[in-house]
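Only the coordinates and a few stated rules stand behind these numbers; no lab work does. Because the structure is predicted, anything quoted here is derived from the model rather than measured. Cβ sites come from the backbone with ideal geometry, for glycine too, and all protein chains shown count toward neighbours.
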Amino acid sequence: MAPKHQAPRGTRDLLPADTALWRWAEERARGVLDRYGYGELRTPMFEDYELFARTAGESSDVVQKEMYRFQDLGERDLALRPEFTAGVMRAYLEHGLGGRARVHRLWSTGPVFRYGRPQKGRYRQFSQLNCELIGSPAPGADVEIVTLFVDLYEAWGFADLSVVINSVGQPATRRAYGERLRALFAPMRDKLSADSQARLETNPLRVLDTKDEGDLALIAAIRDEGRMPHLIDELDADDRAHWDAVLAGLDAAGIRYEIDHGLVRGLDYYTRTAFEVHDRSLGAQSALGGGGRYDGLIEMLGGSPTPGVGFAIGLDRALLVLEQRGAKADATTAVCLVAMDGTRAAATKLARDLRREFVVEIDVEGRGFGAQMKAAGKSGARFLVILGEEEWGRGEIALKDSKTGTQRTLAPGALADALRAGMRDEGDRS
Ligand code: HAM
């Protein structure tokens, strides 16, 4: 019988077997972020609805269909964050960070919320790892951000990654390009999906972002006929120079990329550089992460003109791919203590001492020696520390290395050193 309560549709529980891999991934990511000099920023999970509506764009899917909007008891119009960037910019302005230093490097992680149709790799609550480099208009900032993006995936073992990149220019460039798309699609309007027909009216660029098979075939045919205009051909001289410099910088950094003329991104605040990385094994929801430059965003929120560039990685999708590839976090139990009736009290104290440094498991149910030995064998612990009554009386304990199968006797005071040495050898071999 199904339990009475289930996690809300589009959300899920991560059990300890799942969180082990998440924690491993988060720790690896933190290492990379520290080495790049990014500082962690934590912002609230909800903000004024207006903040998200203005920044993501009124015609974006996020605002039109996906926002968790609610009124609190004080009748404030709020929304659960559908992304980090808007909240990060709000915090940047609220704390006057721009006045403290010219350039800020910030990262954040945590749950974000979008009311979409749940499917593989698409949830209503999911987690992002978000990075922003605020304050520099230089192409070098874009290059650093894309390089950091790739290095995070590489730290998780993605070796075969290819970033797709495009330039979306300025809002005026996009408007002109949008008009060209509108004219291009007008004669085949009826063949487009209802979604794309609506987008043709409100935001023609987003037609290129369609997931509809029929639309995709139509677009591919136009491309094959060489009739699809390219956004980068519409760029003004400054945007073009920026684009060329970003690509040259990525080449110099050894980053592999492909130019994707159809890449437009789903949020409206982007200017110039836009990029994503995909993994086909996820099916329709293939984007593992994406980002770009947003030079007008801070001004839109009432700040002085301040450029910025950043990205978010969808952690759920990245981890799904890692799991599909068989990644597993190592078992963490390192030491299992096994005691007899006469040594239980001593074992409890010894476990507490060892836990200052080691991962230790101990029986709490008063099970017999045999049952404890059996459980210790199953636990995957590298070392078994056995407190026999007679041995304890002589001032001795037994240390068994479950990997080599060897067992030796030693004084309790020598145990920590012996464990340390055993684990060091293990590290040398791996
Ligand atoms: P985004 O492309 O909307 O960008 O989201 C980034 C990533 O979040 C996606 O590539 C995907 O992996 C993941 N994602 C999005 N929706 C879902 C979902 N429903 N379920 C699971 N994963 C999902 C942004 O959010 C921008 N704020 C990125 C950025 C930062 N641009 C500049 N700075």
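Among 180-191, 135-146, what's the highest-first ranking by average C-beta atoms within 10 angstrom per residue?
Listed from highest to lowest mean packing, they are 135-146, 180-191.
How large is the Rg to Rh ratio of the range 215-300 when both quantities use alpha carbon positions and Rh follows Kirkwood?
Reported Rg/Rh (Cα atoms, Kirkwood Rh): 0.98.
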### Task
Would you mind checking the pairs 374/403; 65/191; 120/191; 349/374; 349/400; 349/403 and listing those with alpha carbons more than 18 angstrom apart?
65/191; 120/191; 349/374; 349/400; 349/403
### Message
Can I get the semi-axes of the range 73-167's equivalent ellipsoid? Compute them from the C-alpha gyration tensor as square roots of 5 times the eigenvalues, in angstrom, largest first.
### Response
26, 24, 11
### Message
Based on alpha-carbon centroids, what's the gap between the range 98-121 and the range 275-299 in Å, whole number please?
### Response
12 Å
### Task
Would you mind computing, in nm to one decimal, how far apart the modelled labels at residue 70 and residue 7 are, each placed 7 Å from Cα along Cα→Cβ?
1.8 nm
#### Entry: Rounded FRET efficiency, nearest 0.05, which uses the C-beta distance separating residue 357 from residue 213 and R0 of 45 Å
0.20
### Query
Using Cα-only point scatterers and the Debye equation, what is log10 of I(q)/I(0) for the chain at each q in 0.09, 0.10, 0.14 Å⁻¹, rounded to two decimals?
-0.70, -0.81, -1.26
### Summary
Per the C-alpha gyration tensor (a ≥ b ≥ c, the square roots of its eigenvalues), the range 337-406 is rounded if a/c is under 1.5, else prolate if a/b beats b/c, else oblate; here it's rounded
#### Entry: For the range 1-142, average projected area of the Cα convex hull in nm²
12.0 nm²
### Query
To the nearest 0.05, how large is the calculated FRET efficiency for residue 364 and residue 125 if R₀ is 35 Å and r is the Cβ-Cβ distance?
0.55
